[in-house]
2 protein chains.
Amino acid sequence: MDANVLFILAIAAALLALLAAAGFARAVLVHPEGSALVRSTGHLIQQGAMAFLRREYTILAVFVGVVAVVIALLIDYNLLGNPRVTELASAAERLGRGPWTALAYLLGAFASGVAGLIGMSIAVRGNMRTATAAIEGLDPALRVAFASGSVMGMTVVGVGLLGVTVLWLALGDASLVAGFGFGASTIALFARVGGGIYTKAADVGADLVGKVESGIPEDDPRNPATIADNVGDNVGDVAGMGADLFESYVGGMIAALALAAVGAAAVGLGGAGDVRLLALPLAVSGVGIVASIVGTFFVRTGPEASMSRLLWALRAGIFGAGALALAGALGIVVLLELPLALFWVIVAGMVVGQVIGTATEYFTSYEYRPTRWIAAQAATGPASVVIAGLAVGLGSVVVPLLAVVAGIGIANELAGLYGVALAAVGMLSTLGITLATDAYGPVADNAGGLAEQARMPPEVRHRTDALDALGNTTAATGKGFAIGSAVLTALALMAAYAHVTGVSDLQLTDARILIGLGLGGMLPFLFSALTMHAVGSAAREMIEEVRRQFREIPGLREGVEGVAPDAARAVDISTQGALRQMVAPGAIAVTAPILIGALAGPEALAGMLVGSIVTGFMLATFMANAGGAWDNAKKYIELGHFGGKRTDAHAAAVVGDTIGDPFKDTSGPSINILLKLMAMVALIFGPLFL
Amino acid sequence: MDANVLFILAIAAALLALLAAAGFARAVLVHPEGSALVRSTGHLIQQGAMAFLRREYTILAVFVGVVAVVIALLIDYNLLGNPRVTELASAAERLGRGPWTALAYLLGAFASGVAGLIGMSIAVRGNMRTATAAIEGLDPALRVAFASGSVMGMTVVGVGLLGVTVLWLALGDASLVAGFGFGASTIALFARVGGGIYTKAADVGADLVGKVESGIPEDDPRNPATIADNVGDNVGDVAGMGADLFESYVGGMIAALALAAVGAAAVGLGGAGDVRLLALPLAVSGVGIVASIVGTFFVRTGPEASMSRLLWALRAGIFGAGALALAGALGIVVLLELPLALFWVIVAGMVVGQVIGTATEYFTSYEYRPTRWIAAQAATGPASVVIAGLAVGLGSVVVPLLAVVAGIGIANELAGLYGVALAAVGMLSTLGITLATDAYGPVADNAGGLAEQARMPPEVRHRTDALDALGNTTAATGKGFAIGSAVLTALALMAAYAHVTGVSDLQLTDARILIGLGLGGMLPFLFSALTMHAVGSAAREMIEEVRRQFREIPGLREGVEGVAPDAARAVDISTQGALRQMVAPGAIAVTAPILIGALAGPEALAGMLVGSIVTGFMLATFMANAGGAWDNAKKYIELGHFGGKRTDAHAAAVVGDTIGDPFKDTSGPSINILLKLMAMVALIFGPLFL
């Protein structure tokens, strides 16, 4: 079979994904928005979310513009006259001199922004429709929420695969296509950090004054921060996560393209740049898209299904898609007459993702011992809950690390470092559906908030709560894929960097490498410190605003008819806080590898990348799992264990949950992007440091 | 000058240190013990501490015995017939076949145990005498407490230098002497972990039920856990810390001895094993001992001195000793006609230690912004305090990391990896006095506890509190030296391992190295999880016992005359809990490098060591500083800020302090030893994995 056909098929699959996204969007929008109260509250959320995205994108446009100019001048036009850049410029010469890397960068940033925008636009419409559909029953609500999530899933994979494949065909050089990945990383980092600060400042602020101080329940319309909290779910958990996984998805493919030349020798195939090795990752992604679309048809259930039945429906979709994608991948490997080892690499990638997801579920679900142990500690107060959660989080890194290490070992043994990148591609091949099951959670969460604020009947809230709880479980799997693929992708990009720059002697006993490892290992800590600090500061402003409103608006706390909080003001405070605070961590992520490469040399930069991957992976997993476990320990107590709600034990668990918020939704997930972004920066600017 | 003379001088200096220790012990013991009530309480503490040490040493004797047999069989008698072990056995052959490594190991374990025992025996006598001396004034109390600390400081450096020098002269092979370091590491690990669990289980248990639940003050004699808490200060902060620093002290010298052969080429000196390079680290340590003894004479002040005057007295001692040690080191380098670069390496080591110490003080003292910011967060509850403390702790790794990286860069540039080991030796050369200023803190702390329990006049407690607060500040410097020297020593040992095993190709892009880095990076997280979990479990047992006593002993809570708690029972619970829980983390630390070396090969083991150093350094610094900052944020509020004691803000700060306890006194410091222990294991068993 001619491998070139596969590029066309990949493009076709990408377009199919976009078509499916449009279909899902239609499926959401045909549902009625609901009552006037639902609509008015829903529109407030919608406006807040869109206002944030508009202002965020404005800032990012300036940042991206500046970086694009720097790339064009230093890389595309080689203004410093760097000999290695000249040497690598063969592809650019073939195309005629032009700012190709910079254009790819702009395109990547734009594509990521558009994918986030589309996903969020539907999410802020799906929330109202999910709440309204929940009046009828669980299944209709699931359908609307899942369709909303699927729009995001299909948009991300469609735009991602289309972008990488078209750029590869147009430019024919992985170094140029890497610009696309760098653009996606830039947006992902700011969207994750900015969105993460926004959502947690609002959440922590709302919880601390509302639940803890004033004793009013979550999502109560009297709390001025409730709307901001709901907006936060959309800008953080939908737009932020979409940008994050868009970046993972394209990053894996780009790393595989960059390493195909090196990988050829490792698997005993023909000369460098065997077109089959180039086509394979894109074709696997294409097959995964088709499998994901088919998988969404499995996600359906009876009119009033139980929780376990719902979970079964979602799992059927994910596993069905996985099985189909594997079958497709096997077909491609056989048709291309490639060694079967490459198929096993793809299998390994998928298995590693599943293992991490299952481990995440074990450590964070209240079905299992660790979270129940944390809940049991609540009897002796908040300090015991926090110590227990930290212990669980620290220990939860072991299995994911072993899985990733085994994956690296297998992939490398079978297909060299190209195999590591291919494993990441395999792991994310069914992202269309895994992202859908992940992104429907915040929609259901928002629907619950709307049900509360629009004072809908209690069974509506129960149904949305059931969907939300289910979302937490499927989100665990999603997090496994996000973290696992980040490590594999970042490692593969590091290898690509070493190859592109030609730094070949990277001895572990070399002081430059050790210094790089130390500096790189430190960055995730610094980055987390900044994002935690940002959430703390932004939450404090929110707390003071909520207190002010309760103090100054008569009748608000008591819930007097017709008295409403100034929600817009709270939204504005979150927006400004998040945008102000996202700049420093983002700027550090982009400039650190350049500074270290320029000052300490390319060897130190390689060490830095590896150091950041090692500590970043542990810290991200620790934070995500500690946060998830605290959240669910609180929920377990709310189910009536250890005394249930309104006890000291519950208050202690709320403290743990609040601490976990920035851990699991701001600092933890941002680290994933940090690792890949720094590797992308190194790959693009690396030749300058020789 | 004949370098061989310096070995004799080193032995003389070591004996001088032991003489000084005896003198300081006498100076403590001539003071009166105090009133009957002081004596009876003091003897309870003394009995509890000795009982713990006896039981701990019994368990360790078995463990050490088993390991010694393994070393003798596999290394000394090479039962597996490993060719590399045979090849390396030149020194052993010269001495006649014998279990030399195993004997050195036993000697190291024994020496460490004895140093800890002596230090603690004096500490549990010094506490009563300090409390009694505090009736007269601040200066007499300082003298007694500082003399107690000095016994520990001088014993550790005396025994350490004597052991290494004599073994070197007797065995003449660094691989054999490494056994001594491994023995010291083994004891240090268990003493730190066991003592750390003990002290924090008692502390957390006493605080949670006493201060938080029952509202009775710290060290109140009604609380059944008070005696156990005081015992904990001795077994954790005195015996544990002494064993820890004993191990750092000998580890640095052994690494320098092992790398002297390699280092020779790096500094452009004659052939391998230049005797001057071997004598230099031992001579620098000897000069440091003399300087430390002289420095102790600077530590004195007027009869009723102010806090700042006291701090000045301690600093005068430390800096005076540092200046003298540097002058001596310069003299040795000049006399030996070695390049002056080696002197600058020693200077660099000292400066790095000071920078880390100063940074630690900045992040953990309430004189500065970070801790005050944490205190300010207490207004919005415990969650805000914890988030702020975590953010401060995470960010606090930056400066220490930069200092260590700069130190490695300078030392390596000037003298290769031998320089890295020499910098560690320089950093710890004045350990005699820095350890004294560190170890006097727990004595003063205990004296305060005694003052409270023996109902001494309030000014006594004020004076011991002043000494204790001062001790917290000087302890910050001590921690800087402990962490900084651990990283340098562990790195140098890793280099020695690579040299001894002869694994020379350690490419960063090699999958085996990457796998090793990942596994090594994970171990400090696993280790911390286990130790945090251990403190949580042991504290829970203590809490239940305290509650039981308050429930079942009538009149105890109310403080009825003649009603006393069953303190012995509480001491027993802490002892059993700590001993049971220390085994798993300790066993993991010893077996992990052997397992990885045997299963994944010597390259993966090298990666593992480096990975553990990178994440271990960050995690240890993060935990130590977050814990210290929470502690002092609480103290800052207790001074009257943000409402002072008995407010919600204070309660929130107590939560932070309680969480910080296992961070800063169990998990954090244990990681330092983990890194060095694993490097020692690799150095000794490394040849088996080829």
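Descriptive notes on the structure:
- Annotation: of all residues in region A:629-657 being at positive phi and not small (Gly, Ala, Ser), the one that is least open to solvent (accessible area, probe 1.4 Å) is A:Phe642.
- Qualifying residue in region A:641-661 (condition: touching a Gly at 6+ places or on another chain (Cβ under 8 Å), farther than 21 Å from A:Ala359 by Cβ and away from every other protein chain (no Cβ under 13 Å)): yes
- Filtered residue count, region A:318-345, keeping only those that are among the aromatic types (Phe, Trp, Tyr) and surrounded by 17 or more Cβ atoms within 10 Å (Cβ to Cβ): 2
- Residues of region B:366-401 classified as facing chain A (nearest Cβ under 10 Å) and not in a helix (DSSP H, G or I), total: 3
- Filter result (among the aliphatic types (A, V, I, L, M) and assigned to a helix (DSSP H, G or I)) within region A:335-358: A:Leu335, A:Ala341, A:Leu342, A:Val345, A:Ile346, A:Val347, A:Ala348, A:Met350, A:Val351, A:Val352, A:Val355, A:Ile356
- Index of the failed condition, B:Val614 passing every other in (1) open to solvent by 10 Å² or more (accessible area, probe 1.4 Å); (2) more than 9 Å from chain A (Cβ to nearest Cβ): (2)
- Of the residues making up region B:658-677, one or more are buried (at least 24 other Cβ atoms within 10 Å of the Cβ), hydroxyl-bearing (Ser, Thr, Tyr) and over 21 Å from B:Leu401 (Cα atoms).
Results for (1) at the interface with chain B (Cβ under 9 Å from one of its Cβ atoms); (2) in a helix (DSSP H, G or I); (3) under 21 Å from A:Gln453 (Cβ atoms); (4) open to solvent by less than 40 Å² (accessible area, probe 1.4 Å), shown as yes or no for each residue.
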residue: A:Met522; (1), (2), (3), (4): yes, yes, no, yes
residue: A:Phe525; (1), (2), (3), (4): yes, yes, no, yes
residue: A:Met532; (1), (2), (3), (4): yes, yes, no, yes
residue: A:Val535; (1), (2), (3), (4): yes, yes, no, yes
residue: A:Glu545; (1), (2), (3), (4): no, yes, yes, yes
residue: A:Gln549; (1), (2), (3), (4): no, yes, yes, yes
residue: A:Gly555; (1), (2), (3), (4): no, no, yes, yes
residue: A:Gly559; (1), (2), (3), (4): no, no, yes, no
residue: A:Val563; (1), (2), (3), (4): no, no, yes, no
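- Taking the numbered list (1) surrounded by fewer than 24 Cβ atoms within 10 Å (Cβ to Cβ); (2) closer than 28 Å to B:Met608 by Cβ; (3) without any contact (Cβ under 8 Å) to a residue 24 or more places away in the chain in turn, A:Ala391 passes all entries but (1).
- B:Val571 vs. criteria within 14 Å of chain A (Cβ to nearest Cβ), crowded, with 17+ Cβ neighbours inside 10 Å and touching a helix residue (DSSP H, G or I) at 6+ places or on another chain (Cβ under 9 Å): no
- Of all residues in region A:231-263 being of a type in the set (D, E, K, R) and within 13 Å of the chain's Cα centre (by Cα), the one that is most open to solvent (accessible area, probe 1.4 Å): A:Asp237
- Candidate set: region A:584-600, residues that are more than 16 Å from A:Pro524 (Cβ to Cβ) and either touching a residue at least 24 places away in the same chain (Cβ under 8 Å) or charged (D, E, K, R) (or both); chosen: the one least open to solvent (accessible area, probe 1.4 Å): A:Gly597
- Scope region A:168-186; condition among the aliphatic types (A, V, I, L, M) and at pLDDT 95 or above; matching residues: A:Ala184
- Yes/no for A:Val443 being modelled with pLDDT of 90 or more and either more than 26 Å from A:Thr296 (Cα to Cα) or outside any helix (DSSP H, G or I) (or both): no
- Comparison of B:Arg309, B:Arg300, B:Arg315 shows that the only residue that is open to solvent by 20 Å² or more (accessible area, probe 1.4 Å), farther than 30 Å from A:Asp207 by Cβ and touching an Asp or Glu at 6+ places or on another chain (Cβ under 8 Å) is B:Arg300.
- Any pair with Cβ under 9 angstrom, 6 or more apart, that starts in region A:491-504 at a residue that is touching a residue at least 12 places away in the same chain (Cβ under 8 Å) and ends at one that is aromatic (Phe, Trp, Tyr) and open to solvent by less than 20 Å² (accessible area, probe 1.4 Å): A:Ala492/A:Tyr418; A:Ala495/A:Tyr418; A:Val503/A:Tyr497
- Scanning region A:512-519 for residues that are open to solvent by less than 20 Å² (accessible area, probe 1.4 Å), at pLDDT below 90 and part of a helix (DSSP H, G or I) turns up nothing.
- Some residue of region B:6-22 being surrounded by 23 or more Cβ atoms within 10 Å (Cβ to Cβ) and farther than 20 Å from B:Leu167 by Cβ: yes
- Tallying residues that are within 12 Å of another protein chain (Cβ to nearest Cβ), over 22 Å from A:Ala327 (Cα atoms) and of a type outside the set (A, V, I, L, M) within region A:413-438 yields 2.
- Residues of region A:479-517 satisfying the condition of being within 8 Å of another protein chain (Cβ to nearest Cβ) and either farther than 28 Å from A:Ile75 by Cβ or polar (S, T, N, Q) (or both): A:Gln507, A:Leu508, A:Thr509, A:Ala511, A:Leu514
- Scope region B:203-226; condition closer than 14 Å to B:Gln549 by Cα and at pLDDT 75 or above; matching residues: B:Gly205, B:Ala206, B:Val209, B:Pro221, B:Arg222, B:Asn223, B:Pro224, B:Ala225, B:Thr226
- The set of residues from region B:123-141 being in a helix (DSSP H, G or I) and buried (at least 24 other Cβ atoms within 10 Å of the Cβ) comprises B:Ala123, B:Val124, B:Gly126, B:Asn127, B:Met128, B:Arg129, B:Thr130, B:Ala131, B:Thr132, B:Ala133, B:Leu138, B:Ala141.
- Sole exception among (1) assigned to a loop (DSSP other than H, G, I, E, B); (2) modelled with pLDDT under 90 for B:Leu310, by number: (1)
The values are calculated or read from the model by the stated rules, or taken from the named source; none is laboratory data. Source: prediction; values computed, not measured. Here the Cβ is made from the backbone with ideal geometry for all residues, glycine too, and neighbour counts use every protein chain on show. Note: accessible area is taken over every heavy atom of the protein model, side chains too, but ligands, DNA and RNA are not part of it. Shrake-Rupley method; radii C 1.70, N 1.55, O 1.52, S 1.80 Å.
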